[in-house]
Ligand SMILES: [Fe+2]
C-alpha cells in the first residue's frame with residue numbers, strides 16, 4: 001500500500017472515532033480504550049512485519065490492518081453498550097461492513113482490499129481456519145498475534161489496577177471468586193484455545209489469556225510475550241491452585257521452547 005492511501009485511511013479513522021467521542025453518551029472511556037487499542041495494535045503489527053522482513057508496502061498494509069481491525073467496536077458499543085459479541089453483534093463482520101459502506105478502501109488495490117477484509121473477519125475467530133488465500137492467511141495470523149499482544153497488556157493493567165467482576169467491558173462481568181473450571185484446565189492441557197462459553201470466574205478468564213500463547217504464530221511475537229513477562233504476570237495473579245499454576249508453568253515453558 002502506498003503512503004498517500006495510508007494517510008487517507010488514517011484521516012478517515014480519526015474523524016470516524018471522533019464522532020463517537022463527541023456523541024457525549026456514557027462510556028466514553030470505553031471508546032477511548034478501543035481507539036487506543038487500535039493505535040497500539042497498528043504499531044505492534046507493523047513492528048512484527050518489520051522484524052519478519054516484509055517490504056515497505058507490506059508493512060504499511062499491516063499497519064492499516066491493525067488500525068482498522070476493531071473498527072466495528074465503536075458502533076457495537078454505542079448501539080449495545082457492550083463488547084461481548086454474543087450479547088450484541090459480531091464486531092468483525094460489522095467492521096468489515098462499515099469499511100465497505102464508507103468506501104474507505106476504494107483507493108486500495110483489490111488484492112490488498114481482500115487481505116484487509118479477510119484479516120478483520122478472521123481476527124476474532126476462536127481458532128483460525130486456513131484461508132484459501134495464502135497472503136490473507138499470513139496477515140490474519142499476524143493480526144491475531146498483534147491483537148493478543150495488546151490485549152495481554154490491557155488485561156494485566158486492568159487486574160493490576162484492581163479491576164474485577166463489576167466491569168463488563170473488560171472483565172466480562174465474571175465473579176472474582178478464586179474458582180477454576182475443569183473445562184478451562186482441559187483446554188489448556190490440550191493446548192486448545194479456551195472456549196469463552198466455559199468461563200465461570202475471573203481466574204478462568206486469566207487462564208484463557210495464558211492459553212493464548214498456544215495460538216501465537218510468529219517468533220517475534222513470542223519473544224515480545226517473553227520480554228514483557230505477560231505470562232509470568234498473569235500467573236502471579238492466579239489463586240493458589242496447583243492445577244492452575246501447573247497449567248501456567250506449562251504455558252511459560254511452551255513460550256520459552258518455541259523461541
Ligand atoms: Fe477485535
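Suppose the filter is more than 24 Å from residue 195 (Cα to Cα), surrounded by 14 or more Cβ atoms within 10 Å (Cβ to Cβ) and away from the ligand (no atom under 12 Å from the Cβ); does residue 20 pass it? Yes, satisfied. Residues that are more than 22 Å from residue 20 (Cα to Cα) and without any contact (Cβ under 8 Å) to a residue 12 or more places away in the chain within segment 59-80 are absent altogether. One residue stands out among those in segment 118-128 that are under 11 Å from the mean Cα position of the chain (by Cα) and assigned to a loop (DSSP other than H, G, I, E, B): the one that is nearest to the ligand (Cβ to nearest atom), which is 124.
If only residues of segment 129-162 that are farther than 27 Å from residue 173 by Cβ and in a loop (DSSP other than H, G, I, E, B) are counted, the one that is farthest from the ligand (Cβ to nearest atom) is 132.
The number of residues in segment 46-57 that are without any contact (Cβ under 8 Å) to a residue 12 or more places away in the chain and closer than 19 Å to residue 105 by Cα comes to 1. Just for segment 232-256: of the residues that are under 22 Å from the mean Cα position of the chain (by Cα) and assigned to a loop (DSSP other than H, G, I, E, B), which one is surrounded by the fewest Cβ atoms within 10 Å (Cβ to Cβ)? For segment 232-256, the residue satisfying everything is 237.
Of the residues making up segment 63-99, just one is more than 16 Å from the ligand (Cβ to nearest atom) and at pLDDT 95 or above, namely 63.
May I ask you to say which residue of 89, 108 is buried (at least 18 other Cβ atoms within 10 Å of the Cβ), in a loop (DSSP other than H, G, I, E, B) and either outside the structural domain of residue 236 (by TED's automatic domain parsing) or in contact with a helix residue (DSSP H, G or I) (Cβ under 9 Å, 6 or more places away or on another chain) (or both)?
Numbers: 89 fails: buried (at least 18 other Cβ atoms within 10 Å of the Cβ).
Selected residue: 108, the only one of 89, 108 that is buried (at least 18 other Cβ atoms within 10 Å of the Cβ), in a loop (DSSP other than H, G, I, E, B) and either outside the structural domain of residue 236 (by TED's automatic domain parsing) or in contact with a helix residue (DSSP H, G or I) (Cβ under 9 Å, 6 or more places away or on another chain) (or both).
Would you confirm, using the coordinates I've provided, whether residue 48 is crowded, with 17+ Cβ neighbours inside 10 Å, assigned to a loop (DSSP other than H, G, I, E, B) and either more than 20 Å from the chain's Cα centre (by Cα) or more than 16 Å from the ligand (Cβ to nearest atom) (or both)? When the stated conditions are applied, residue 48 does not pass them. Return a yes/no flag: does segment 55-76 have any residue that is surrounded by fewer than 17 Cβ atoms within 10 Å (Cβ to Cβ) and not in a helix (DSSP H, G or I). Scanning segment 55-76 turns up at least one residue that is surrounded by fewer than 17 Cβ atoms within 10 Å (Cβ to Cβ) and not in a helix (DSSP H, G or I).
The values are calculated or read from the model by the stated rules, or taken from the named source; none is laboratory data. Values in this document were obtained by computation on a predicted structure and should not be read as measured data. Don't worry about glycine lacking a Cβ; one is built from the backbone with ideal geometry, like all the others, and counts go over all protein chains shown.
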